[in-house]
Amino acid sequence: MNAIGKLRGALAVIGIIYILIPLIAVIPASFTKASYPSFPPEGFSFQWYTKILERPEFIDAFMNSLQFAVLAALFAVIFGTLGALAIAKYDIPGKSAITSFLTAPLSVPQLVLGIALLIYFTPLMLAGTSIGFLISHIIICIPYVIRLVLTGLSGFDYNLEKAGAILGANPWTVFWKITLPLIRPAIISGGLFAFLTSFDNVTVSLFMISPETRTLPIEIFSTMQDAYNPIVASVSSVVIFISVILIVILEKIHGVGKVFGGGHH
Amino acid sequence: MEAARAQNHQKRVAPEGQPPQQEKRAKKRKPWAPGLLLLTPILLFLFGFFVVPMLYILYLSFISTDSLSGEGASYSLSNYITLFTDSYYLNSLWITVKISLLSSLVALILGYPIALTMAKASAKMRALITLLIASPLLVSIVVRNFGWYLLLLPNGTVNTLLMDLGLISKPMNLLFSEVGVIIGLSNAYLPFMVLAIVTSLYNIDPSLEKASAILGASPLRNFLSITLPLSLPGIVSGCVLVFSLSMSAYVTPALMGGANVPVMPVVVYDQINNLLQWTFGSALSYVLLGTTLLSVFLFTRGFEKSKFKEVFR
């Protein structure tokens, strides 16, 4: 390796550290003994983890986050898979326009989407309700499911479906026994991705919250705005832990980079 | 006329017995009615909860009202006029554009070497780097912001490091400042920059570099004459992406800048959630949306028209 190669490598390492360092800093900071957040941490203790259990708002928010994320992912997967199947399989006129429409919620800033939904939901009595919250999250999850399932369908061999039909299977059986098993990895990664998108969301959620619909990122956000407290570090570490588990699964099935459009060659 | 033509058509199609041409055509073109049925739920959902709300606030942005109850409402451009004549909002727009430009620049400087290393690395290494840089995108932004909060504290790692290096004599105010917001935003969106650049680097024909090396070009000359110009499309799309995401980011400026850095999203949030100025807030939202789209358009177009035109296909 020549000098330029070494320089390039060193600069790349700096860049990667820059991306990862905020996450790396959070975990040790959660074990601090001090009553204020600091990095490097002072001493070692588990007190900020046991303190989570004394704060019911964090537990409730965590349960809310889980429920909303599961439901949002489920609905986004149902809507998205049906839509992606229709686009991939049938010669619908205006296909590419429909695809861009289905992924359009990605191009509208989440702040603007949140405002639009809040203003629209208020006269409909949906503002601050669980249903309103869920709808807003389904919208932000749909584009990812569409993308992932469409990618999964791109190499799909429709002759298999035809073979099934010729052998006498009805369309329903063909779907359950042939189509679904073949695109299952794409659907699972779409679902996991939708789950994380909903689980992590702050911006849209901020316009949808009410005392009953507070989620974990919202709770972290407001704790950070009021007073910086080491409990944010321990709660954040729990969030990182959950995310890492799902990232490992996603990477195994699909490849995390591909989800964001980074193509392996 | 129309009716006659339709009839004529029917007549031509109608005769039974020998419809081979017609049937062949029908077989070739798959029926798409079932597809439309599958699309109906998602189209209805997005129409009802995405298109209509977006159009509704566009409509509201043209209504001016003095009271919260909406009495004395009338159609006018006054929301937009206030926005573009009041120095507070113009200043906020300027800060937003400035911070977004600087965040794109930081992301480009830090991201390019990563992308270049990925392009030269083995497939295994590429996959590892992709995983390392893309994974943080799946961790909530509040968590990443809290990490920076810890690092940027007056007695935090960054200040300590800068003082140890002798670059500063006393801790800088990195938190609740424009610098803090730029660090937060460039960190959050750097992965997108890398992925955009690396895609264009993968597309460069490796024989070009080999050829120029054989012809005696130095590695630096090689980089400046081949790699850099051919990766420009990736640089442009990466910058446009980071810029537009930064323009509309709310959480990072709110946490890393607070009231000291009143970027547009923070101002809009305040108008809607705290002051309940819905019609004015709607206008602000559309100005934010419009500015983002316009800057993206101008930026892309400016590059397309420049001397690098040949690399855009």
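The values are calculated or read from the model by the stated rules, or taken from the named source; none is laboratory data. All values reported here derive from a predicted model rather than from experimental measurement. Backbone-built Cβ (ideal geometry, glycine too); neighbour counts: all protein chains shown. Ligands, DNA and RNA are excluded from the accessible area calculation, which covers all protein heavy atoms including side chains. Shrake-Rupley method; radii C 1.70, N 1.55, O 1.52, S 1.80 Å.
The mean number of partner chain beta-carbon atoms within 10 angstrom of a residue's beta-carbon across peptide B:285-295 is 2.
Contact order for region A:1-113, expressed relative to its length and based on alpha carbon pairs under 8 Å spaced 6+ residues apart, stands at 10 percent. Each of the peptides B:162-171, B:282-291, B:75-84, A:158-167 was scored by the mean count of other Cβ atoms within 10 Å over its residues; in descending order, highest first, they stand as B:282-291, B:75-84, A:158-167, B:162-171. The relative contact order of chain A, computed from alpha carbon pairs under 8 Å that lie at least 6 residues apart in sequence, is 30 percent. Computed in the context of the full set of protein chains, the accessible area of chain A at 1.4 Å probe radius has 70% of its extent on carbon or sulfur.
Local charge sum around A:Ala76 (other residues, Cβ-Cβ under 15 Å, Lys/Arg +1, Asp/Glu -1)? Here the count lands on 0.
Per-residue shielding of B:193-202, expressed as the average number of other chain Cβ atoms within 10 Å of the residue Cβ, stands at 3.
Take every Cα pair under 8 Å whose residues are at least 6 apart in sequence, average their separation, divide by the length of region B:78-311, and the relative contact order is 28 percent.
Compute the whole-percent fraction of alpha carbon pairs in region A:55-259 spaced more than 25 Å apart. In whole percent, the long-distance tail amounts to 45. Other residues lying with their Cβ under 13 Å from the Cβ of A:Leu182 contribute a combined charge of +1, Lys and Arg counting +1, Asp and Glu -1. Is region B:148-299 rounded, prolate or oblate when judged by the Cα gyration tensor, a ≥ b ≥ c being the square roots of its eigenvalues, rounded requiring a/c under 1.5 and prolate requiring a/b larger than b/c? Oblate, since a/c reaches 1.5 and b/c is not below a/b.
Which shape class applies to region A:103-223: rounded if a/c is under 1.5, otherwise prolate when a/b exceeds b/c and oblate if not, where a ≥ b ≥ c are the square roots of the Cα gyration tensor eigenvalues? Prolate.
Only one residue of A:Phe58, A:Ala84, A:Phe133 has its Cα farthest out toward the positive end of the dipole of chain A, where Lys and Arg carry +1 and Asp and Glu -1 on Cβ, and that residue is A:Ala84.
Near the amide H of B:Ile63, within less than 5 Å, lie the amide hydrogens of B:Ser76, all on another chain or at least 5 residues away, with H placed in the peptide plane.
Helix-only arithmetic for chain A: the sum of -39500 (n - 2.57) across DSSP H runs with n ≥ 4, divided by the residue total, places the mean residue ellipticity at 222 nm at -23000 deg cm²/dmol. Note on region A:38-96 and region B:100-172: Cα centroid distance 25 Å, given to the nearest whole angstrom. Within the accessible surface of region B:78-311, defined with a 1.4 Å probe on protein heavy atoms only, the carbon and sulfur portion equals 69 percent. Dipole check for region A:55-259: with +1 at the C-beta of Lys and Arg, -1 at the C-beta of Asp and Glu, and the Cα centre as origin, the magnitude is about 600 Debye. Neighbouring Cβ atoms from other chains, within 10 Å of the Cβ of residues in A:139-150, number 1 on average. Heavy-atom accessible surface of chain A, averaged per residue, reaches 43 Å², computed with a 1.4 Å probe.
Structure remark: mean-square fluctuation, Gaussian network model of chain A, C-alpha springs under 10 Å; the largest value among A:Phe156, A:Phe58, A:Phe175 belongs to A:Phe175. What translational diffusion coefficient, in µm²/s and rounded to a whole number, does the Stokes-Einstein relation yield for the protein assembly as shown at 37 °C and a viscosity of 0.692 mPa s, taking the hydrodynamic radius as the Kirkwood radius over Cα pairs? So the translational diffusion coefficient is about 125 µm²/s.
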